Amino acid sequence: MYRKKSVRDLCVAPGDRALVRVDYNVTFVGDTGQISDDSRIVESLPTIEYLLERQCRVILCSHIGRPHGRRDTRYSLTPVALRLSEIMQRPIALAPDCIGSEVEAAIADMSPGHILMLENLRFHIGEESNDGRFARCLANLADFYVNDGFGVAHRRHASTAGVTEFLPSVAGFLIESEVNALDSVIHTPEHPYVIVMGGAKVSDKVPVIDRLADVADVFLVGGGMAASFLCAQGKLDYESGVDMDDVELALRVLDRAHVNDVELVLPRDVVVAEVFDESADPVTAGVDSIPGGHIVMDIGPETVRAYAQWLQIARTVVWNGPMGVFEWPRFSHGTRALAHAIADLKDAYTVTGGGSTADVVRSLGLEDGFSHVSTGGGATLEYLEGRDLPGIAALDDNRN
């Protein structure tokens, strides 16, 4: 991050127009329009308030959902503007569009120290295609650009990459904090270093394992991906819902771990069910006695205890991916238990993120127990893999 300019590096004057890319792609409670998790909104506040204190005109832009380049009222940012207004206790105007004469007129009428939120960027097909004309229309609205949407920094879209070709472009405080936290667990972790790796598919996590294998001390494996490893070891039959490509990948990972002396810890017991269903009866079985045809739904209690012991000695912990089908209460114990075990650590630097893992932590009210809860899903994974994120790479370099 030291190579990229920050919002602190800007020389701003009252009335300057700041185009701020935020990630307000929030989740809702069913079809109620009620926001179920406003953490992404809250995390954007430091950058917004910093600019308001300097009497900038703050123009927020974001997407929500997948309207596929068409105006669709189901994906309007209206509820987001209302929620931000409630949080900040100030009026937040929502523009009728994100480009065009009406938007330009609304910005011209703004007073210094005020906020305007643009309507959904993805109502225009030029956003996701990174169309140069659309990017220039966005850039024409502002004097400088601030990217504070880490959750979309892995997208090469008009509002994350294209606009930087036309405006001075810097990182906001959220992107700074995300990069600093992730850099610390990639480059300068304290040891012992434990990575808890879950989720559905091995293929999603192999690049992270490859990147961090040289720096981490141990990987604790859970979730649906654990079934692929168990199948690779001959402890689970091929009729248990595993993907054969993932089994092949698991075999490669196991071989590489052995050659490179990487500690890859697999479950001792698992919770299985005959069918993949919320109401299915859970059965706990040791990994050497899993009933034929059963599907792995969670890690078992013995595994929870073993993993908790590994965590007790850790000084750095990265957790990505749930330990089971945590959305269903019968199969959520492993995920919840490890979330609490990590949150209870007192002397470790703990990072979690990558979509559903952060959702688990927030749903349990454990955010304060973690050193850093990432707002990124795919962006977090790609950064841990070592990929350049277009939305960060495109920002102005700090050569001083």
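Annotations for the structure displayed:
- Here the gap between His191 and Asp9, fully extended at 0.36 nm per residue and compared with their Cα-Cα distance, gives a gain of 62.1 nm.
- FRET efficiency, Ser279 to Arg305 (Cβ-Cβ, R0 25 Å, nearest 0.05): 0.40
- Selection of trypsin sites (Lys or Arg not before Pro), the stretch 254-352, meeting DSSP coil and at most 14 other Cβ within 10 Å: Lys346
- Rolling a 1.4 Å probe over the protein heavy atoms gives the stretch 231-299 an accessible area of 55 Å² per residue.
- Computed over the chain: relative contact order in percent, which uses C-alpha pairs under 8 Å that are six or more apart: 16
- Spacing of the modelled spin labels on Arg256 and Asp37, each 7 Å from Cα toward Cβ, amounts to 2.8 nm.
- Cβ-Cβ FRET estimate between Thr78 and Arg362, R0 fixed at 22 Å, reported to 0.05: 0.40
- Here is the list for the stretch 131-234: chymotrypsin sites (Phe, Trp or Tyr not before Pro) lying in DSSP coil, each with at most 16 other C-beta atoms within 10 angstrom of its C-beta, are Phe166.
- Principal axes of the stretch 1-102: Cα extent on each, largest first, Å: 43, 32, 31
- Averaging the sequence gap over all C-alpha pairs within less than 8 Å and six or more residues apart, then dividing by the number of residues, gives the stretch 62-161 a relative contact order of 29 percent.
- Convex hull projection area averaged over all views, the chain, Cα basis, nm²: 20.1
- Computed from backbone phi, the HN-Hα couplings of the stretch 306-312 come to 5, 5, 4, 5, 4, 5, 4 Hz, rounded to whole numbers (Karplus: 6.51 cos²θ - 1.76 cosθ + 1.60, θ = phi - 60°; Gly and Pro given as x).
- Inter-part distance where the stretch 306-349 and the stretch 364-400 are each reduced to a Cα centre, Å: 21
- Accessible carbon and sulfur surface of the chain relative to its total accessible area, %, 1.4 Å: 46
- Mean accessible surface per residue for the stretch 1-132, computed with a 1.4 Å probe while every protein chain stays in place, in Å²: 49
- DSSP beta bridge pairing in the chain, given as percent antiparallel to the nearest 5: 25
- Calculated mean residue ellipticity, 222 nm, the chain: -10000 deg cm²/dmol, from DSSP H runs (n ≥ 4) at -39500 (n - 2.57) each, averaged per residue and rounded to 500.
The values are calculated or read from the model by the stated rules, or taken from the named source; none is laboratory data. Fair warning: this is a prediction, and the values are worked out from it, not measured in the lab. All Cβ positions, even for glycine, are placed from backbone atoms using ideal geometry, and neighbour counts span all protein chains on display. Note: accessible area is taken over every heavy atom of the protein model, side chains too, but ligands, DNA and RNA are not part of it. Shrake-Rupley method; radii C 1.70, N 1.55, O 1.52, S 1.80 Å.
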